[in-house]
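Quick notes on the structure that follows.
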Amino acid sequence: MIKVSVITPVYNSEKYLDRLLESLVNQNYDNYEIVLINDGSVDNSLKIIEDYQKKYSNIICHTIKNSGPGVARKIGYQKSTGDLLLFVDSDDYLFDNNVISYVVDVYKENNFDLLMYNSKLIFDDKTIITSALKNRINEIKPGINDIDKLKNISIDGALWYKVLVRKNIKDEYFIPENSYEDFYTTYTYLNECKNFYLSDKTLYCSDRSNNDSISKKINPEKISKTVDLLIKLYKETNFKKSLEFIIYDFYNFSRRRIDKSDLSKQDKKLYTKKIKQLKKYFSFKTLINTKVSLTEYLKYFYYLFR
């Protein structure tokens, strides 16, 4: 019987843990484990987890000193025993009680190396359904596909869009960073894949209204580290064209953040110089290939000579 591991890094998530764990413990499938990595939480997260452990034998918790999501996911992977790995952020939750049983059924029928599905993004003022594929979506039909079809399509690197297969994963795919660390895992993991299954079902709910989320706490030093990470990843992945728009998008986002910051002129110049290292990893052709909007073209030319 196929075993599934749900892996979740937990850091000061007391506001959201009940919602997450209720979505996990009520799954309509028998052979799965919930692996929680308490990443040095100082709130009531651990107590909430321990209360659930008293009721559910398939919940496993390991506590580590605060090390960030990259380290926590790696430990979760190492401590887990499932054939299939589903990564869930602690402030998110599964769409319904049939997610794991659906994933297993698809795997049995298709023997995929990677499963991608839709996610519901919840903002303060709206809710939208999104795909892990960020452009040219109509070029790929739902179902099993050859992995080479992804080489010219931008893929969101967030692990919560995907199910990974243990036999394809290596320890070194998890890195000790706090930003874009999941993109590194995704784009190096793709090197091991021969196929992927694209599902048109919504399996995941991502709560973007959490103002405490680590993804909203971007600073210039972290941006600088991410530049180095993306360059390293570009050199290691076989999906360079796919990654180019991710790099371009990060480049534009970072330029705007630096421009709007209250940094000194000297610091702005320093960090802008660092970000400009990424310009050699995308081009105007990147925008054409990804069929971007007019707004993206304007952004490109705005920063081209600045």
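The values are calculated or read from the model by the stated rules, or taken from the named source; none is laboratory data. Model, not experiment: these values are computed from the prediction. We place every Cβ from the backbone using ideal geometry, glycine too, and count neighbours over all the protein chains shown. Protein only, heavy atoms only, side chains kept; ligands, DNA and RNA dropped before computing areas. Shrake-Rupley method; radii C 1.70, N 1.55, O 1.52, S 1.80 Å.
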Those residues of the range 232-267 which are more than 21 Å from Cys193 (Cα to Cα) and charged (D, E, K, R), in sequence order: Asp249, Arg255, Arg256, Arg257, Asp259, Lys260, Asp262, Lys265, Asp267
Note: among Ile140, Ile147, just one is modelled with pLDDT of 95 or more, in contact with a helix residue (DSSP H, G or I) (Cβ under 9 Å, 6 or more places away or on another chain) and of a type in the set (Val, Ile, Thr), namely Ile147
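Here's the yes/no breakdown for (1) under 27 Å from Ile288 (Cα atoms); (2) in contact (Cβ under 8 Å) with a residue 12 or more places away in the chain:
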residue	(1), (2)
Val71	no, yes
Gly82	no, yes
Asp92	no, yes
Tyr102	no, yes
Asp105	no, no
Asn110	no, yes
Asp113	no, yes
Thr130	yes, yes
Arg136	yes, yes
Inspect all residues belonging to the range 224-236 and state whether any of them is among the polar types (S, T, N, Q), open to solvent by 10 Å² or more (accessible area, probe 1.4 Å) and modelled with pLDDT of 95 or more. no
Suppose we filter the range 120-137 for residues that are more than 18 Å from Tyr189 (Cβ to Cβ), in a loop (DSSP other than H, G, I, E, B), of a type outside the set (Asp, Glu) and modelled with pLDDT under 90; how many remain? 2
Among the residues that make up the range 187-195, is at least one of them open to solvent by less than 40 Å² (accessible area, probe 1.4 Å), at pLDDT 95 or above and closer than 26 Å to Arg255 by Cβ? yes
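Looking at this structure, is Tyr173 without any contact (Cβ under 8 Å) to a residue 40 or more places away in the chain, within 16 Å of the chain's Cα centre (by Cα), within 27 Å of Leu20 (Cα to Cα) and open to solvent by 10 Å² or more (accessible area, probe 1.4 Å)? Step through it out loud before you land on a result.
Numbers: without any contact (Cβ under 8 Å) to a residue 40 or more places away in the chain: yes; within 16 Å of the chain's Cα centre (by Cα): yes; within 27 Å of Leu20 (Cα to Cα): yes; open to solvent by 10 Å² or more (accessible area, probe 1.4 Å): yes.
Judged against the criteria, Tyr173 is a match.
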Does any residue in the range 220-232 that is under 15 Å from Arg256 (Cα atoms) come within less than 8 Å, Cβ to Cβ, of a residue that is of a type in the set (Asp, Glu) and open to solvent by 30 Å² or more (accessible area, probe 1.4 Å) six or more places away or on a different chain, and which pairs are these? Pro220/Asp267
Among the residues that make up the range 262-276, is at least one of them in contact (Cβ under 8 Å) with a residue 12 or more places away in the chain and within 21 Å of Ser119 (Cα to Cα)? no
Applying the selection to the range 143-164, what residues are part of a loop (DSSP other than H, G, I, E, B) and either open to solvent by 80 Å² or more (accessible area, probe 1.4 Å) or hydrophobic (A, V, I, L, M, F, W, C) (or both)? Ile153, Ala158
